[in-house]
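Please read the structure below before turning to the comments.
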Amino acid sequence: MTEGATGFLAGRGTADITGEAAECGMLGYGKADQRTAGIHTRQRARAFAFADAAGRARVLLVVCELPLMADSVVREVLRRLPEGYDASNVMLTATHTHCGPGGYFHHALYNSNTGGFRERTFRAITDGITEAALAAIADLAPTVLRLAHGELTDASVNRSRRAFDRNPAADRAHFPRAVDLQTTLLALERDGELVGVVNWFATHNTSMTNRNRLISADNKGYAAHHWERLAGVDHLAPTAPDLVTAFAQTNAGDMSPNLGLAPGTGPTADQFENTRIIGTRQYEAAAALRGEEVSGAVDSRTTYVHLSAIEVSPEYTGDGRTHRTSPPVGGAAAFAGARVDGPGFKGFRPGANPLWDALSRRLVYPLAPRLRDAQYPKALALPAGPVNRVLPVVQERAPVQLLRIGPLYLIGIPGEVTIVAGLRLRRTAAAVLGADLKDVLVAGYSNGYVHYVTTPEEYDAQEYEGGSTLFGRWELPALCQTVAHLATALRDGVPVERGVPEPAVPVRRRHRHRGGDAPHPGRAFGDLLSFALIGRRATASFVAAHPGNDLRRGGSYLSVERWTGDGWTRIAGDGDWSTLFRWARSGGSTSVATVVWNVPPGTAPGRYRLAYHGDTAKGPFTGVSGPFEIG
């Protein structure tokens, strides 16, 4: 065993999960015109396997740089994992970037701007997650785990303060700045060397705005990429990386990185720079933590709950009465969008929506007292429950999970949990388990997606988050009741009823890839169209083919190459922060690929060139710029 090991086995793995980089609707902001047109940074899955010393009790955590985690993705990945890994002990969680290609859900709502289900993106995501997970499982070996907590004060702001201020003083006192400052680090060490890191911090992954068309892992992706790059990790190299770092979400439902309280603002007016700065702050706060070596058990419990029909006991409702959740309904405020991160649809606003309020209160609620008890004062706008019977649009049966890794407990919730809602879930579990509150975290965006989770007090404000709490005012109490049940079972070492998972949803509408590439008249694929070196930025444009012909998962559409005297050596690809890959149509079947390299500080003087790597139906091709000097 590794010297100083404390009885844990751990492993890590990583893989590319980038979907279609051209003409695919992005998931997150819900904008019909936000369609992929290249790559800012690639998306990755980072997997961490944990087991006790005997290898009997196991859990698997995979942090995915995705907008949301889909039930369809979870099903496919679980199907492909080895025996001993299933819904009870596998957590697939999303970082919630809003600039990733969509179309990978089987529920129709999330494919509304993608032309239907996107098989290529779905396969890129599920293949990559599975690859990372299998690598982590294969890498299981004696490992020292360290757990540490700190504070990060300048990477988040409360975007829904009016709702937050409705919470009781005792809850608000836990967050005197109305933000969750806690940053938590789980570090993996072998022979005294850092080999893996998972960080949890609550901030939305929305530094990139809904005007951006380039695939981006956003601020959390930058934090992970930056740390790995500092350690010399090259994701295009054939060998496994020496360090895998993941920056995961927790209760980020009302936490925004846009410190200026407007999209793309704070701390600067440049969305790319904001992404780098907010990511750097998360990295620096995490890297400053050392942590104590920990010991303890590895364990897990998971149950599926039918969120449309949970009876919640008075112990959790807070008013001394029993209540029930209801089938999902989207509120008018949900369509207004979270304006600090990106506005929604015209005609809707946070809070009062007079027309929708009047229709709900005069026509619907008087005829449906049970619905009124669950959903009032929401202005009912999207009756997803009834629609689900005809066309499944949203998930109703939710996996709720509790993982233990030594002293750390992760509450897996398939939704966006506000910080006070998260506090109540954490307190519920900590009280049952006898755990320190700081060691109990909500892992939001995990194992599926059911939209938002707010406190009943926040719900009554009907801001964006409350309007997006689909199952009504008692949704959080229902989840607290479920978490208490899981925590009790885990504490007592007894199993739980698994419950009934979401029924499999057939794919009813598939997107069909548009082919028919042609080079520009008188040109060949890969021909250089233009080149410029202005200051520290090199830009080259090429005759292109559609990126959907080959997603180049695990590869790159571009390379920055340096002359070594013996040949050209790649120093960067399209997953690097210093590069941009842009693609655009220039005619019916013709297109242009543009490669941009922002020369990083400290780049060695020498001769360089830019290359574009594309694919037609006949196979791959490459175009290169002429050489240029960097002094």
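Throughout, read-outs are computed from the coordinates displayed, never taken from laboratory work. On a predicted model such as this, the values are computed, not experimentally measured, just so you know. Using ideal geometry, Cβ is built from the backbone for each residue, glycine included, and neighbour counts are taken over all protein chains shown.
Relative to the longest principal axis of the Cα atoms of the chain, the long axis of helix 271-287 lies at roughly 70 degrees. Helices in the chain, meaning DSSP H runs of at least 4 residues, each add -39500 (n - 2.57). Divided by all residues, the mean residue ellipticity at 222 nm is -6000 deg cm²/dmol.
Rounded to the nearest 0.05, what FRET efficiency do residue 431 and residue 194 give with R0 = 25 Å and r taken as the Cβ-Cβ distance? Could you check?
Values: r = 34 Å, r/R0 = 1.35.
So, using R0 = 25 Å, E works out to roughly 0.15.
May I ask which of 220/378; 220/438; 31/378 have a Cα-Cα span longer than 26 Å here?
Beyond 26 Å: 220/378.
Could you work out the relative contact order of the chain, using alpha carbon pairs under 8 angstrom and six or more residues apart, expressed as a whole percent? Mind dumping the intermediate values first?
On the way: 1675 pairs, mean separation 97.5, N = 631.
Relative contact order, the chain: 15 percent.
If a paramagnetic tag sat 7 Å from the Cα of residue 292 along the Cα-Cβ line, which residues of the range 407-428 would have the backbone N under 19 Å from that point? It comes to 407-410, nothing else.
What is the extension gain from residue 518 to residue 387, computed as 0.36 nm multiplied by their sequence separation minus the C-alpha to C-alpha distance, in nm to one decimal?
Values: separation 131, 0.36 × 131 = 47.16 nm, distance 4.28 nm.
Separation in residues times 0.36 nm, less the Cα-Cα distance, equals 42.9 nm.
Report the extension gain between residue 88 and residue 52 in nm, rounded to one decimal, defined as 0.36 nm multiplied by the number of residues separating them, less their alpha carbon distance. Mind dumping the intermediate values first?
Details: separation 36, 0.36 × 36 = 12.96 nm, distance 1.63 nm.
The residue 88-residue 52 span can extend by a further 11.3 nm.
Counting other Cβ atoms within 10 Å as a rough exposure proxy, the listed residues 480, 64 run 480, 64 from fewest neighbours to most. Each of 308, 313, 556 was scored by other Cβ atoms within 10 Å of its Cβ. Arranged with the fewest first, they read 313, 308, 556. Spacing of the modelled spin labels on residue 569 and residue 324, each 7 Å from Cα toward Cβ, amounts to 6.9 nm. Mean projected area of the Cα convex hull of the range 528-630, taken over all directions, amounts to 6.9 nm².
Size descriptors for the chain (Cα atoms only): Rg and Dmax, in that order, 24.2, 81 Å.
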